[in-house]
Amino acid sequence: MASVKFNEEMCKGCGLCVTFCPKQILRMAPVRINAKGYHPAECIDLEKCIGCASCARMCPDVVITVER
Amino acid sequence: MAVVFQKTSMLTDAPFHYCPGCTHGIIHRLVAEVLDELGVGETAIGVAPVGCAVFAYNYFNCDMMEAAHGRAPACATGAKRVHPDKVVFTYQGDGDLASIGAAEIVHAAARGEKITTIFVNNAIYGMTGGQMAPTSLPGQITTTSPYGRNTEVCGFPVNMSEMLSQLNGPAYIERVSVHDVKNVVRAKQAIKKAFQAQIDGKGFSMVEVLSTCPTNWGMTPQEALKWLEENMIPQFPLGVYKEV
Ligand SMILES: Cc1ncc(C[n+]2csc(CCOP(=O)(O)OP(=O)(O)O)c2C)c(N)n1
Ligand code: SF4
Ligand code: SF4
Ligand code: SF4
């Protein structure tokens, strides 16, 4: 069991977490936008998350917290 | 479940002003985590540059000062000599360090000042709108080399890590990259070694980090990481250049 949490208001929508997730379970929220005006990243299948923190290590804005 | 990754308390809550996908943010995080892990976060003194990282003083949760363009190693020298017991670092771009501040970094390194320099090389002047830097690659298109850097007229890129490693003052010099997870992890290890060399009183230490500027390179963040890997690493090979 693992989980990823996004401090959504800090996200700049760069998509690097999406690119580097080995399980390909992240995406940019298609409709929702944050106060900065970006579509924030979100997890669409938390069951598959292995808690590897690849997403968090590549996030330039330190948006992501990972638990395992 | 246990937390395996969270934002370090050595970074403030201020949101980074960097462009989306700019790897300055990753490098900030690595420096902050290392200061915390070495237990020197509370007492460290950082010197911010002129360049995109000009506001670095808002982001690190330690004493920070702002230097005039390129002069961070001179300011850090003063801070370290007054506070020899404290960890002192500079955070500088390639325009700041390799161009206007070339004299300061060379002499700080030659004197063996016990400071650590984090040198962020993105092969361009980011803050001012993407002009050619001393580190721009042959053929690289920038706003001041719209047909590509012509080495006949503009000369060749300056490899700072190789140059400084020829001096006797430096104790640790390594060049790393942050273009994927494995390299980000390696970059952190290098930064830790560099700060440890300072703590051990061995001399000057520097980590050159190859970094992206998606905005001025005119690329997506993903394309920029790939461009760094394919074009910058051949010109700026990764590795340890000095270890005493
Ligand atoms: C004395 C002085 N000369 C020139 C400038 C203009 N200037 C501001 S930032 C910069 C270059 C920044 O490039 P770099 O150090 O590579 O950092 P980056 O923005 O790419 O992170 C220049 C030339 C200045 N602020 N002060
Ligand atoms: S922790 Fe690993 S598996 Fe989970 S979302 Fe992040 S990158 Fe994907
Ligand atoms: S890497 Fe960070 S800033 Fe970029 S999209 Fe993912 S969470 Fe947002
Ligand atoms: S201009 Fe370039 S170096 Fe500066 S914040 Fe934007 S992407 Fe980063």
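Quick look at the numbers
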quantity	calculated
Candidate set from the range B:33-57 (those that are surrounded by 24 or more Cβ atoms within 10 Å (Cβ to Cβ) and β-branched (Val, Ile, Thr)); member that is nearest to ligand 3 (Cβ to nearest atom)	B:Val34
Checklist (1) within 16 Å of ligand 1 (Cβ to nearest atom); (2) within 14 Å of chain A (Cβ to nearest Cβ); (3) open to solvent by 30 Å² or more (accessible area, probe 1.4 Å) applied to B:Asp180, failing item	(1)
Any pair with Cβ under 7 angstrom, 6 or more apart, that starts in the range A:44-68 at a residue that is over 20 Å from A:Lys12 (Cβ atoms) and ends at one that is in a strand (DSSP E or B) and of a type in the set (Gly, Ala, Ser)	A:Leu46/A:Ser3; A:Cys49/A:Ser3; A:Glu67/A:Ser3
Qualifying positions in the range B:19-32 - over 17 Å from B:Phe119 (Cα atoms) and either open to solvent by 10 Å² or more (accessible area, probe 1.4 Å) or more than 7 Å from chain A (Cβ to nearest Cβ) (or both)	B:Cys19, B:Pro20
Filtered residues of the range A:11-33 (kept if in a loop (DSSP other than H, G, I, E, B), closer than 18 Å to A:Thr65 by Cβ, more than 11 Å from chain B (Cβ to nearest Cβ) and within 13 Å of ligand 3 (Cβ to nearest atom))	A:Ile25, A:Ala29
A:Met58 vs. criteria at the interface with chain B (Cβ under 9 Å from one of its Cβ atoms), among the hydrophobic types (A, V, I, L, M, F, W, C), open to solvent by 70 Å² or more (accessible area, probe 1.4 Å) and more than 16 Å from ligand 1 (Cβ to nearest atom)	no
Neighbours by Cβ (under 8 Å, 6+ apart or cross-chain): first from the range B:113-128, among the acidic types (Asp, Glu); second away from ligand 2 (no atom under 16 Å from the Cβ)	B:Glu113/B:Pro73; B:Glu113/B:Ala76; B:Glu113/B:Thr77; B:Glu113/B:Lys80; B:Glu113/B:Gly169; B:Glu113/B:Gly203; B:Glu113/B:Phe204
Meets criteria (within 7 Å of another protein chain (Cβ to nearest Cβ), of a type in the set (Gly, Ala, Ser) and closer than 14 Å to B:Pro20 by Cα) for A:Gly51	no
Pair list, Cβ < 6 Å and 6+ apart or interchain, from the range B:144-173 residues that are within 13 Å of B:Ala123 (Cβ to Cβ) to residues that are assigned to a helix (DSSP H, G or I)	B:Pro157/B:Gln235; B:Val158/B:Ala98; B:Met160/B:Ala98
Odd one out for B:Ala79 among (1) open to solvent by 20 Å² or more (accessible area, probe 1.4 Å); (2) over 24 Å from B:Ala187 (Cβ atoms)	(1)
Matching entry among A:Gly37, A:Gly51, A:Gly15 (being at positive phi, more than 16 Å from ligand 4 (Cβ to nearest atom) and open to solvent by less than 30 Å² (accessible area, probe 1.4 Å))	A:Gly51
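The values are calculated or read from the model by the stated rules, or taken from the named source; none is laboratory data. Remember, predicted model here, so these are calculated numbers, not experimental data. Virtual Cβ from ideal backbone geometry, glycine too; neighbours counted across all protein chains shown. Each accessible area value is taken on the protein alone, full model and side chains, heavy atoms only, with ligands, DNA and RNA left out. Shrake-Rupley method; radii C 1.70, N 1.55, O 1.52, S 1.80 Å.
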